Every structure is written in C-alpha cells, then in structure tokens.
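A.B. asks: Next up is a structure, given as structure tokens.
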Amino acid sequence: MSSSIDYHSLIKNIENGTLNAPVYLFYGPEQFLAKEALRMMTDHYLSPEARDMNFMKLDARELEAQDLLQELNTLPFFSEYRVLVVEHAEKYFAATKKRSQEEEEILADYMENINEACCLIFSMEVKPDSRKKIFKKIKEKGLAVEFEALKGAQLSSWLRGRVERMDRRIKNDALNYLIACAGNDLAVLEHELQ
C-alpha cells in the first residue's frame, strides 16, 4: 500500500468505501479532526450493535506491547472487524528508550502477520520518526495520516462547510470575525457554531 495521506484524502476514502488498510497512524496537532476521522472510521468498520464488543481504546503510556499483541490477536465478536485505538503512541514512533525500541520491534514483527479482522489505529500529536522500523511497516501495510492545524483558506473552508451542514449561511465578514475571535481551535469554533 505504501502510503501517507492527509485528513481530506482519508475522508474521501471513507466516503467512497475504499478504506481497507489493517493499520493506521494518525499524527499531528489537529486532534479535533483526528477524533472526527476516528468516529467515521468506527462507523465504517463497525455497526452500532457491534461497537460495545468490538471497539477498544487503549493508552500506550500504560500499555505493554505483549498486552497489545493479545488484544490485536483477539477475534471480533459477531462482527467482521474489531477496531483497536492506541492513543499517545509516541513511545513506539518517537521515543529512543530501550524499552520502547523493544516494543517497537514486537509491533513491527506483528505487522508481518497482521490479524486482518482487527483495524489498528495508533494516534499521537507529534510527527513520527520516519526512520523507525514500525513507521516504515505502517506505510508498507497501512496508512499514515497527518492532521495538520488548519489555517487561512483551509480553515475558512472547513468552517463554511460546518455552517452549511447545519443548513445555515454565514457572511464572509462574520466568518472572518469568528476566526479572529476563536483562532484556529476547531473545538472552540465548533462550540461557537452550536
């Protein structure tokens, strides 16, 4: 597959039904968009009835690689897929501690024999070290998705799209004023629209 994409490309893949990688890395400062993409991916992979038994969110800061492997190899329950989200995944992709390197190796080895019934999503706010073996494996077997902070025309376009989804309209002056007051924090902008 060998791929890195941005938020917009990921959303298009979800909407077109062409999303089928077994592993993803979400990274970047715009966590509002990452969470939105995660909700959409969960909807893509799991029916509402299957979520309770087949969706799991873990914190990498409190997780040993062996425990993660056990979860990764667990089969879905009355569903085609499981979705496993590993938040704060910096220790696998950015850290240089011996323990993290060992865990990175364990997970990179897992990617040689992936459980196709488990959709694994790593999430972190920092940019990964592209030299890491695990990062290279993700690009080979899945998708790395960068969530950059929106600015300028992208931010205006995103905000205008949100307003239109609410079946409302906004004048350019009001849009610019809202951005000037709230900045580019999408969570704040979303709240202001409500």
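A.B. asks: Could you figure out which of (1) assigned to a loop (DSSP other than H, G, I, E, B); (2) over 15 Å from L120 (Cβ atoms); (3) among the small types (G, A, S) isn't true of A50?
C.D. replies: Going through the list (1) assigned to a loop (DSSP other than H, G, I, E, B); (2) over 15 Å from L120 (Cβ atoms); (3) among the small types (G, A, S), A50 breaks only (1).
A.B. asks: If you scan region 107-119, which residues turn out to be in a helix (DSSP H, G or I) and either more than 26 Å from Q31 (Cβ to Cβ) or open to solvent by 70 Å² or more (accessible area, probe 1.4 Å) (or both)?
C.D. replies: Matches in region 107-119: D109, E112, N113.
A.B. asks: Go through the residues of region 143-152 one by one and say whether even a single one is free of Cβ contacts under 8 Å to residues at least 60 places away in the same chain, out of contact with any Gly (no Cβ under 7 Å at 6 or more places or on another chain), surrounded by fewer than 18 Cβ atoms within 10 Å (Cβ to Cβ) and under 30 Å from Q194 (Cα atoms).
C.D. replies: Within region 143-152 (the criterion being free of Cβ contacts under 8 Å to residues at least 60 places away in the same chain, out of contact with any Gly (no Cβ under 7 Å at 6 or more places or on another chain), surrounded by fewer than 18 Cβ atoms within 10 Å (Cβ to Cβ) and under 30 Å from Q194 (Cα atoms)), the answer is yes, since at least one residue qualifies.
A.B. asks: On to the next question. For a quick check of your reading of the model, give me the residue pairs whose first member lies in region 153-177 and is farther than 13 Å from L193 by Cα and open to solvent by less than 80 Å² (accessible area, probe 1.4 Å), whose second is of a type in the set (V, I, T) and assigned to a helix (DSSP H, G or I), with beta-carbon atoms closer than 8 Å and at least 6 apart or on different chains.
C.D. replies: L155/I179; S156/I179
A.B. asks: Checking N54 against (1) farther than 20 Å from V145 by Cα; (2) touching a helix residue (DSSP H, G or I) at 6+ places or on another chain (Cβ under 7 Å); (3) buried (at least 19 other Cβ atoms within 10 Å of the Cβ), only one condition comes out false. Which one?
C.D. replies: (2) is the only condition that N54 fails.
A.B. asks: Right, next: Just give me the residues in region 65-106 being in a loop (DSSP other than H, G, I, E, B), modelled with pLDDT of 90 or more and either open to solvent by 60 Å² or more (accessible area, probe 1.4 Å) or under 15 Å from E116 (Cα atoms) (or both), in sequence order.
C.D. replies: Answer for region 65-106, where residues must be in a loop (DSSP other than H, G, I, E, B), modelled with pLDDT of 90 or more and either open to solvent by 60 Å² or more (accessible area, probe 1.4 Å) or under 15 Å from E116 (Cα atoms) (or both): N73, T74, L75, P76, F77, F78, S79, E80, Y81, H88.
A.B. asks: Looking for something assigned to a helix (DSSP H, G or I), in contact (Cβ under 8 Å) with a residue 40 or more places away in the chain and either open to solvent by 20 Å² or more (accessible area, probe 1.4 Å) or in contact with a helix residue (DSSP H, G or I) (Cβ under 6 Å, 6 or more places away or on another chain) (or both) - is there at least one such residue anywhere in region 16-27?
C.D. replies: no
A.B. asks: Among K137, K127, which is touching a residue at least 24 places away in the same chain (Cβ under 8 Å), open to solvent by 40 Å² or more (accessible area, probe 1.4 Å) and either under 28 Å from A60 (Cα atoms) or under 16 Å from the mean Cα position of the chain (by Cα) (or both)?
C.D. replies: K127
The values are calculated or read from the model by the stated rules, or taken from the named source; none is laboratory data. Here the structure is a predicted model, which is why all the values come from computation and not from measurement. Please note: Cβ atoms are built from the backbone with ideal geometry, for glycine as well, and neighbour counts cover all protein chains shown. Keep in mind that these areas ignore ligands, DNA and RNA; they rest on the heavy atoms of the full protein, side chains included. Shrake-Rupley method; radii C 1.70, N 1.55, O 1.52, S 1.80 Å.
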